[in-house]
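**Student:** Would you mind keeping the following structure in view while I ask a few things?
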Amino acid sequence: MSRIICFILVLSAILSVQAKFPDDPKPCKHGDSACIVKITNYFIREKATQGDRDINLVKLDPLPVTKMNLKQGADSPVNIDLTFKDNNIYGISTIRFNKVKGFGKDLAQKHELQLNAGKLSLVGPYSIKGKVLILPISGSGKSNMTLVNCDVIVQFTGMPFEKDGETYMKATKLKILAKPERLYYHFSNLFNGDKALGDNMNTFLNDNWEAIFKEVQNSIQGAFSEIFSAIISNVFSKYPYDKFFEA
Ligand SMILES: *[C@@H]1O[C@H](CO)[C@@H](O)[C@H](O)[C@H]1NC(C)=O
C-alpha cells in the first residue's frame, strides 16, 4: 500500500505545479465533460511515461503495486488464492478518457469516468494455489496478466469534508466495471517448474480466458476499486474541490 500512496502524492504534485507550464490547458468549468476529458488525457499523455525532474515528478507508467490478493471461494469454478507482490502495472499511458459525468458544483453526487485502456499489464512475482475449472493449479514465479483494449467505467459518490474552513471531496462507494476485448495470462514456473505441465496450464488459461475472467471479474474489480478510490480521494484531498475548476 505504501507505494500506492507514493503514486498518489505524485499525482497531487502534478496538479499543484500545473500553473508553471505555459502550454498546459486551462482549468475547466464545473461539469464540462469535454474539457475535463481533454485536460485529463493531456496529463496522462504528457506526464505518465517520462516524468519531469524539474518539478519532482516521477513516472506513473509503470505504476508499482505493492500487494494484491485475489481470493475466490470454493463455490466458484475458479477456486484460487492468488497473490501478487511487488508488481508493476504497465500501460497507464495507454489510458484515454472518453467521457465523464458529474463534477458539477455540488460535489455530493454521483460521478463517472469512462475510459479505455489500450493495453494494461500486471507484471511481477505471484503465488497461486487452487483449482481452475476443475484443474488443480499451484506455483510461484513471475506472471504477466495483460488486458487488451479494455473499456472501463469508474463510478463513485462524492462526499464533502471540511478542512481549514474549506470543502474537499472524498470518493466513496467506488465501483469499477471492466470489459476487456482480450485477456492474456502467463505464469512462469507453475508446478515447481514442471515445464510440460506449466505450458499446458498456460495454454488452458488462455484458451478459456473469457470464462475465467467472468469468474474472477468481481475480485479483480474489487482490488482495483481500492486503488482507484485511494487515488481519487488523495488527488482531491490536495485542494478544496472548487479550486479544481474555473471560478
Ligand atoms: C506481458 O504480456 C503482454 C502480452 O503477451 C506483452 O505484450 C508484454 O510485453 C508483456 N510484458 C512484460 C513486461 O513482459
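**Student:** Modelling each spin label as a point 7 Å along the Cα-to-Cβ direction, I'd like the A108/F204 distance in nm, to one decimal.
**Tutor:** 5.3 nm
**Student:** Take every Cα pair under 8 Å in region 137-230 that's 6+ residues apart, average their separations, divide by the length, and report that relative contact order as a whole percent.
**Tutor:** Averaging sequence separation for qualifying contacts and normalising by length gives 32 percent for region 137-230.
**Student:** Here is a further query. Treating only the Cβ of Lys, Arg, Asp and Glu as charged (+1, +1, -1, -1), what charge dipole size does region 102-247 show about its Cα centre? Round to the nearest 20 debye.
**Tutor:** That gives a dipole near 220 debye.
**Student:** Moving to a separate point now. Filter K29/K85; K173/K238; K129/K238; K38/K110 down to the pairs with a C-alpha to C-alpha distance above 32 Å, please.
**Tutor:** Table pairs above 32 Å Cα-Cα are K29/K85; K129/K238.
**Student:** Near S225, within a Cβ-to-Cβ distance under 12 Å, what is the net charge of the other residues, with Lys and Arg +1 and Asp and Glu -1?
**Tutor:** My count for the surroundings of S225 gives +1.
**Student:** Also, I was wondering about something else. Say each of N98 and L177 gets a label point 7 Å from the Cα, pointing the same way as Cα to Cβ; how far apart are those two points in nm?
**Tutor:** A separation of 1.2 nm, rounded to one decimal place.
**Student:** I need to check one value: relative contact order of region 183-247, counting alpha carbon pairs closer than 8 Å and at least 6 residues apart, in percent.
**Tutor:** Relative contact order comes out at 25 percent.
**Student:** Still on this model: Sum -39500 (n - 2.57) across every DSSP H segment of at least 4 residues in the chain, then divide by the residue count to get the 222 nm mean residue ellipticity, nearest 500.
**Tutor:** Helices in the chain give a 222 nm mean residue ellipticity of -10000 deg cm²/dmol.
**Student:** Also, I was wondering about something else. Given R₀ = 45 Å, FRET efficiency for D242-F191 by Cβ-Cβ distance, to 0.05?
**Tutor:** Working from the Cβ atoms, E equals 0.20.
**Student:** Further question on the same structure: Counting just the Cα atoms, what span does the chain cover along each of its three principal axes? Round to the nearest Å and put the largest first.
**Tutor:** On the principal axes, the chain reaches 62, 38, 31 Å in Cα extent.
**Student:** Counting alpha carbon pairs within less than 8 Å and at least 6 residues apart, what relative contact order, in whole percent, applies to the chain?
**Tutor:** Once normalised by length, the contact order is 19 percent.
**Student:** What Kirkwood hydrodynamic radius, in Å, does region 111-236 give when the mean of 1/r is taken over all pairs of distinct Cα atoms and then inverted?
**Tutor:** Computed over Cα pairs of region 111-236, the Kirkwood hydrodynamic radius comes out at 16.5 Å.
**Student:** While we're looking at this one, here's another question. Could you give the size of the charge dipole of the chain about its Cα centre, using +1 on the Cβ of each K and R and -1 on the Cβ of each D and E, expressed in debye and rounded to the nearest 20?
**Tutor:** 80 debye
Quick note: the coordinates plus some simple rules give every number you see, no bench work behind them. These numbers were taken from a predicted model, which means no experiment stands behind them. When we count neighbours, we look across all protein chains shown, and the Cβ atoms used for this are built from the backbone with ideal geometry, even at glycine.
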